[in-house]
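Novice: I'd like to ask some things about the structure below.
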Amino acid sequence: MKIHREGKNILVLLFIALIILNLPVYLWVKIAWVAIPIHVISIVFFLLVVNFFRSPKRHFKGDRQNVVVAPADGVVVVLEEVLEDEYFHDKRLQVSIFMNIFNVHANWFPVAGKVLHVSHQQGRFMAAYLPKSSTENERSTIVIKAENGQEILVRQIAGAIARRIVTYPEVGDSCQIDEHMGFIKFGSRVDLYLPLDCDIKVALHDKTIGDLTEIARLK
């Protein structure tokens, strides 16, 4: 299993810290019912963090013309027409995907095209499934001009536990489906703002797989 680059340093430091914790327990604590649980909890905790930073190789195999793919693993928690008032200042279809701590937290580009806008906004750290998290939580905003000329907005949103958003693209970059757009650490959400006339392919509460689930088709 491949480990995402955002997790390699964290896992090395965590491994060293757990060795420092467990070695004295192994050498000097002779009470089995005290020592064994400490070792087991340490191993399980390390494996959970490894699982969080896994980075599976994925390639969208469907028709790529005008497709919008899921930028993240998770569950669709919002699917509605809204006023997007940060960049477009008009009505868009919002599709929001909530990621729990067990999901892959790498984010993929949802469309192929050119990056027009990248910004980061400081904010709160409310639970990412709450509606207000889209506009009040810390977040990064990426606007992409798709190959058919339409613009879509992708927003990475920090959650109650997530404290760091990593966003890779810069303005002017070309982007492709199958490429990583960024990473959000420990529980979070990704919002898509799509044109009103697009053909939505998911429903509320559907599970998504990043870079594999078809979210919509642009006109």
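The values are calculated or read from the model by the stated rules, or taken from the named source; none is laboratory data. Everything numeric in this text was worked out from a predicted model, so none of it was measured. Heads up, the Cβs are rebuilt from the backbone with ideal geometry, glycines too, and the neighbour counts pull from every protein chain shown. In case anyone asks, the SASA skips ligands and DNA or RNA and just uses the protein heavy atoms, side chains included. Shrake-Rupley method; radii C 1.70, N 1.55, O 1.52, S 1.80 Å.
Novice: So if R0 is 41 Å, what FRET efficiency would Val50 and Lys145 give, r being the distance between their Cβ atoms, rounded to the nearest 0.05?
Specialist: Once rounded, the FRET efficiency stands at 0.65.
Novice: Between Asp199 and Leu83, what FRET efficiency comes out of the Förster formula 1/(1 + (r/R0)^6) with R0 = 22 Å and r the beta carbon distance, rounded to 0.05?
Specialist: Once the sixth-power term is evaluated, E becomes 0.55.
Novice: Could you tell me which of rounded, prolate or oblate describes the range 1-121, using a ≥ b ≥ c as the square roots of the eigenvalues of the alpha-carbon gyration tensor, with rounded for a/c under 1.5 and, failing that, prolate when a/b is larger than b/c and oblate otherwise?
Specialist: In terms of gyration-tensor shape, prolate.
Novice: Specify the angular offset, from 0 to 90 degrees and rounded to the nearest 10, of the alpha carbon long axis of helix 8-28 from the longest principal axis of the alpha carbons in the chain.
Specialist: Taking the Cα atoms of the chain, the angle to 8-28 is about 20 degrees.
Novice: Now for a different question. Spelling out what I want: for every residue of the range 68-79, take phi, set θ = phi - 60°, compute 6.51 cos²θ - 1.76 cosθ + 1.60 (Karplus), and round to whole Hz; glycine and proline get x.
Specialist: In residue order, the calculated couplings are 10, 9, 5, x, 7, 6, x, 10, 6, 10, 9, 8 Hz.
Novice: Another question, then. Between the range 186-219 and the range 1-78, how many Å separate their Cα centres?
Specialist: 26
Novice: What distance in nm separates the simple spin-label points at Ile10 and Val29, each placed 7 Å from Cα in the Cβ direction?
Specialist: 2.5
Novice: Using the Karplus curve 6.51 cos²θ - 1.76 cosθ + 1.60 with θ = phi - 60°, what ³J(HN,Hα) values do you get for each residue of the range 139-145, in whole Hz, with x for Gly and Pro?
Specialist: 7, 10, 10, 10, 10, 10, 8
Novice: Please state the Cα pair-distance histogram of the chain with 5 angstrom bins from zero: what percent is in each bin?
Specialist: 1, 7, 14, 18, 18, 14, 9, 6, 5, 4, 3, 2, 1, 0
Novice: Considering only Cα-Cα distances, which of the following residue pairs are longer than 25 Å: Lys91/Lys114; Lys8/Lys57; Lys2/Lys207; Lys57/Lys185; Lys2/Lys201?
Specialist: Too far apart for the 25 Å limit: Lys2/Lys201.
Novice: Given a 1.4 angstrom probe, I'd like the percentage of the accessible area of the range 1-70 that is carbon and sulfur, rounded to a whole number.
Specialist: 73
Novice: Return one whole number: the accessible area per residue of the chain in Å², for a 1.4 Å probe.
Specialist: Accessible area per residue: 51 Å².
Novice: Continuing with the same structure: Once amide H atoms are placed 1.01 Å from N in the peptide plane, what residues at a sequence separation of 5 or more from Gly182, or on another chain, have their amide H within under 5 Å of its amide H?
Specialist: When sequence neighbours closer than 5 places are left aside, the close amide H contacts are Asn107, Tyr168.
Novice: Which value at 222 nm does the chain reach when only helices count, each DSSP H run of 4 or more adding -39,500 (n - 2.57), with the total divided by all residues and rounded to the nearest 500 deg cm²/dmol?
Specialist: Mean residue ellipticity, 222 nm, calculated: -7000 deg cm²/dmol.
Novice: Then there is this: Calculate how steeply helix 32-52 sits against the longest principal axis of the alpha-carbon atoms of the chain, using the helix alpha-carbon long axis, and give the answer as 0 to 90 degrees to the nearest 10.
Specialist: 20
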